[in-house]
Amino acid sequence: MRVTVTGQTVPGFEEAYRLQRERYPGDGVAWQPVHTVYVPADRFSAGTVADWGGQALELVKEHLAGPREVAEVFGLPEALAAEVHARLLRKLAREPVEDLRVDFEDGYGVRPAEEDGHVELAVLAVAEMRAAGTLPRRWGLRVKSFADGDPARSLRTLDGFVTGVAERLGELPGGFTVTFPKVLMEEYLGQFAAFLARLEGALALPRLRFEIQVEAPQTVRFLRGELAASLQGRLAAAHFGVFDYTASLGLAPHEQRLDHPACDHARHAMQTAFAGTGVELSDGSLAASPASDSAADVHALWRRHAELVRHSLAHGFYQGWDMHSSHLVSRFATVYAFHLARYDSYSRRVRAWEEQRDAGGGVMDEPATVKTMAAALRRADAALR
């Protein structure tokens, strides 16, 4: 028997729909940096970005002279290698670092007598970079973890850095974010967000946002979609920390690698938790540099790093950490190749769908696939710009 009801509301629907829109606003692919470069605070200066770019360019000129070498090192067809090589040279000369963090945590260590002084020097360096036009599109700092038992040290550094930059420049330049590491307790998130609210209120700043690091299985257990909404839009991103995470699982040192299955599980948990929330995801890093200046060792490093970047991209992580200037070469080369290899094919298939015609080649695209291809093209356009 069929029951037809008109003019009937569904009890509770409006509230559930409001929560849906609040928790899952959609990801809306805009520009996202392809990497984050971490530089210990005691080694950071106004010339850091230029130095990294110069070192990377020298490596390219010495060990990646042309398309043939690009094809050989990164396993690319020669036509694609030629375009990758040209783009790589332009990128390293124009914008070698898209996202920068001044690191006051693991890369810096515990040095309470020096930290305030390094905060002041970092503020001066940021001001100089802003004046010179070399401050990356994204920038900020990583503070110490609350899990270390000294939240006051973490907040003092954050306060000194933000206040110093804001007072010296009269504003906090766009693209600022702060990295909050080793979040072992969910309560730390609310405490950190509350301090950001007080800081922005005291300095009359726009909303301050932060990114968390997923570096332990304890963190994975409390990741969920409503977490971002509960922090009043302050949670900008979640970054995976491969070495702390694998160590916390008791993996052997030689198994601490981004392509370990345990890391795949953590990344998939991050994706599941934050899908549709607008929270960006970033993968971790490779803790290695060329063993020597020889072509063989530089190429070996690039091949291994490229392998890990491809692994991240295949798993839907379009950003990662770079810890050495040599990584810029393999990062950009691999990202460019990933996007360029399928760009024309995706474009043809999307156009065929929009024009309601057969894409050819036996392809039967689903609406979700077409939507994903359109998003991939937007992401490629942003990465290739």
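Structure notes:
- Added length on full extension, which subtracts the Cα-Cα distance from 0.36 nm per residue, Gln356 to Ala341: 2.9 nm
- Selection from Ala132, Val143, Phe180 lying farthest towards where the dipole of the range 101-206 points positive, charges on Cβ: Ala132
- The packing ranking, built from the mean of other Cβ atoms within 10 Å per residue, places the peptides 106-114, 312-320, 343-351 in the order 312-320, 343-351, 106-114, highest first.
- Local charge for Ala216 was computed over the other residues whose Cβ lies under 11 Å away, with Lys and Arg +1 and Asp and Glu -1, and equals 0.
- Gain in span if fully extended, Leu184 to Glu167, counting 0.36 nm per residue against the direct Cα distance: 2.8 nm
- Ranking of Thr177, Thr372 by solvent-accessible surface, largest first: Thr372, Thr177 (1.4 Å probe, protein heavy atoms only, all chains present).
- Rounded if a/c under 1.5, otherwise prolate or oblate - the chain, Cα gyration tensor axes: oblate
- Once the 1.4 Å probe is applied to the protein heavy atoms, the range 132-256 comes out at 40 Å² accessible per residue.
- At the residue level, Glu58 shows approximately 110 square angstrom of accessible surface with a 1.4 angstrom probe and all protein chains present.
- Accessible area of the range 276-351 belonging to carbon and sulfur atoms, whole % at 1.4 Å probe: 49
- Residues of the range 316-339 falling in the label zone of Ala300, defined by backbone nitrogen less than 17 Å from a point 7 Å along Cα to beta-carbon, are 326-327.
- Positive minus negative residues near Arg168 (Lys, Arg vs Asp, Glu; Cβ under 15 Å): -4
- Ellipsoid equivalent to the range 162-291 - semi-axes via the Cα gyration tensor, in Å: 29, 18, 12
- Accessible surface of the range 186-258, 1.4 Å probe: 53 percent of it comes from carbon and sulfur atoms.
- Per-residue SASA entry for Trp321, accessible area with 1.4 Å probe, Å² rounded to 10: 20
- The accessible area of Val123, taken with all protein chains in place and a 1.4 Å probe, comes to roughly 10 Å².
- Accessible surface computed residue by residue for the range 257-385, with neighbouring protein chains in place and a 1.4 Å probe, gives 46 Å² per residue.
- FRET efficiency, Leu19 to Val110 (Cβ-Cβ, R0 51 Å, nearest 0.05): 0.75
- Reducing the range 15-46 and the range 83-150 to their Cα centroids gives an inter-centroid distance of 17 Å.
- Sorting Met373, Met185 by accessible area puts them as Met185, Met373; the probe is 1.4 Å, largest comes first, and only protein heavy atoms count.
The values are calculated or read from the model by the stated rules, or taken from the named source; none is laboratory data. All figures in this text were calculated on a predicted structure; none of them were measured in a lab. In this analysis, Cβ positions are derived from the backbone assuming ideal geometry, glycine residues included, and neighbour counts consider all displayed protein chains. Surface accessibility is based on the protein's heavy atoms, side chains included, excluding ligands, DNA and RNA. Shrake-Rupley method; radii C 1.70, N 1.55, O 1.52, S 1.80 Å.
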